[in-house]
Amino acid sequence: MLKRLSDLRHSWLWILIAVALWCLFWGGVDLKNLLGGVLAALVVFLLFPMPPTGRELTLRPLRLALFVLRFLVDVVVSAVQVGYFAIRPGPQPPSSVIAVTMASRSDFFLTFTGVLCTLIPGSVVVEAQRSTGMLFLHTFNAGTPEEVEASRASVLAQERRLLLAVGRRSVLEEAGLR
């Protein structure tokens, strides 16, 4: 138990993120939500310790800000597109299941890219193969080969932006970005 307590020093950023999410879920930032979030985060991090990811991550503030901004733009644009197709008359656009081989072989970046792609309206990860580093996504409005390739390029661009925002040099080199 002492080992897990000492490991919390290295998880301060994740604890902070967990507390922020807790406050968002409960509808605001006040003392009760902050204390409840800290308590919940500590219990979760003590009972279910995360595997070490520190050797894969480094923070580049400018790249991270650009990454978050672009992600938010992608979410808004996709939400408008999905909303338009939901209310317009006529047949629904075709969809496809696409396979995308990730540039990085990191489990963290495979998972995080999959989560990001699922958060963008119009796509959802249906399978992630750790052994091959491949994501399978169900994508909306991808009926032609050109649209499928555009969807695949969008996923790879998302991974690239993520890697450049928080990936260590060794991870970037492995992914062919350095």
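The values are calculated or read from the model by the stated rules, or taken from the named source; none is laboratory data. This structure is a prediction, so every number in the text was calculated from the model and none was measured. Cβ atoms come from the backbone with ideal geometry, glycine included; neighbour counts cover every protein chain shown.
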- Which one is nearest to residue 81 (Cα to Cα) among residues in the range 130-148 that are surrounded by 14 or more Cβ atoms within 10 Å (Cβ to Cβ) and of a type in the set (S, T, N, Q)? 141
- Task: Tell me which of these residue 178 doesn't satisfy, since it passes every other one: (1) touching a helix residue (DSSP H, G or I) at 6+ places or on another chain (Cβ under 8 Å); (2) surrounded by 13 or more Cβ atoms within 10 Å (Cβ to Cβ); (3) over 14 Å from residue 56 (Cα atoms).
- Result: (2)
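Restricting to the range 80-107, and then to whatever is in contact with a strand residue (DSSP E or B) (Cβ under 6 Å, 6 or more places away or on another chain) and either outside the structural domain of residue 163 (by TED's automatic domain parsing) or farther than 11 Å from residue 139 by Cα (or both), can you tell me which residue is surrounded by the most Cβ atoms within 10 Å (Cβ to Cβ)?
So in the range 80-107, the residues in contact with a strand residue (DSSP E or B) (Cβ under 6 Å, 6 or more places away or on another chain) come out as 95-101.
Still in the running and either outside the structural domain of residue 163 (by TED's automatic domain parsing) or farther than 11 Å from residue 139 by Cα (or both): 100-101.
Working: 100: 23, 101: 12.
Among those that are in contact with a strand residue (DSSP E or B) (Cβ under 6 Å, 6 or more places away or on another chain) and either outside the structural domain of residue 163 (by TED's automatic domain parsing) or farther than 11 Å from residue 139 by Cα (or both), it is 100.
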- Message: Restricting to the range 24-78, count the residues that are touching a residue at least 24 places away in the same chain (Cβ under 8 Å), part of a helix (DSSP H, G or I) and not β-branched (Val, Ile, Thr).
- Response: 12
- Note on the structure: Scanning the range 108-124 for residues that are surrounded by fewer than 18 Cβ atoms within 10 Å (Cβ to Cβ), without any contact (Cβ under 8 Å) to a residue 24 or more places away in the chain and not aliphatic (A, V, I, L, M), the one farthest from residue 71 (Cα to Cα) turns out to be 111
- Note on the structure: Within the range 140-178, restricting to residues that are under 19 Å from the mean Cα position of the chain (by Cα) and among the polar types (S, T, N, Q), the one that is farthest from residue 93 (Cα to Cα) is 158
- Message: Exactly one condition in (1) at pLDDT 90 or above; (2) within 25 Å of residue 56 (Cα to Cα); (3) out of contact with any strand residue (DSSP E or B) (no Cβ under 6 Å at 6 or more places or on another chain); (4) not aliphatic (A, V, I, L, M) is false for residue 118; which is it?
- Response: (3)
- Conditions: (1) part of a helix (DSSP H, G or I); (2) acidic (Asp, Glu); (3) surrounded by fewer than 15 Cβ atoms within 10 Å (Cβ to Cβ). Residue 127 meets all but one. Number of the miss? (1)
- Just for the range 155-169: of the residues that are touching a residue at least 40 places away in the same chain (Cβ under 8 Å) and small (Gly, Ala, Ser), which one is surrounded by the most Cβ atoms within 10 Å (Cβ to Cβ)? 167
- Task: Tell me which residues, restricted to the range 48-64, are among the basic types (Lys, Arg) and either under 18 Å from the mean Cα position of the chain (by Cα) or modelled with pLDDT of 85 or more (or both).
- Result: 60, 63
- Task: Among the numbered conditions (1) over 15 Å from the mean Cα position of the chain (by Cα); (2) modelled with pLDDT of 90 or more, tell me where residue 45 comes up short.
- Result: (2)
- Item | Filtered residues of the range 79-107 (kept if of a type in the set (S, T, N, Q) and part of a loop (DSSP other than H, G, I, E, B)) | 92, 104, 106
